Amino acid sequence: GSLPKWVVNKSSQLLAPKAMKKMYKACLKYPEWKLKHNPRFKPWLFPEQSRLPTLPLSELSLQHVDSLENIDESSLAETKDDRGEASDEDSV
């Protein structure tokens, strides 16, 4: 579906600035936070640091959209974690 234009306009006027302010504050605190939380851990730069199990390429296969299962999630309730309402400490 599509959202009414007024919803998009109001959300861009009210929600977007608040989100940007929160992100800005979190970015300012990040260097200090990273110094306390394993500053040398950078698996995006050093794949050998990754804690995820590796998957052999032989177990991978191509899947086409037609063959994927269509899962209806419309009846599921949204949880607090799904909405991203975590504390500032957890989100940075």
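Using the beta-carbon distance between D66 and K5 and R0 = 30 Å, what value does 1/(1 + (r/R0)^6) give for FRET efficiency, to the nearest 0.05? Calculated transfer efficiency: 0.30. Per residue, the range 1-42 exposes an accessible area of 98 Å² to a 1.4 Å probe, with every protein chain left in place.
In µm²/s, what is D for the range 1-42 at 20 °C and 1.002 mPa s, where D = kT/(6 pi eta Rh) by Stokes-Einstein and Rh is the Kirkwood radius from Cα pairs? Kindly include the intermediate steps, with their values, before the conclusion.
Details: Rh = 12.8 Å.
For the chosen part, D equals 168 µm²/s.
The values are calculated or read from the model by the stated rules, or taken from the named source; none is laboratory data. Keep in mind that what you see is a predicted model, and the values were worked out from it rather than measured. Every residue, glycine among them, receives a Cβ derived from its backbone with ideal geometry; neighbour counts consider all protein chains shown. For the accessible areas, the whole protein counts, side chains as well, though only heavy atoms, and no ligand, DNA or RNA atoms are used. Shrake-Rupley method; radii C 1.70, N 1.55, O 1.52, S 1.80 Å.
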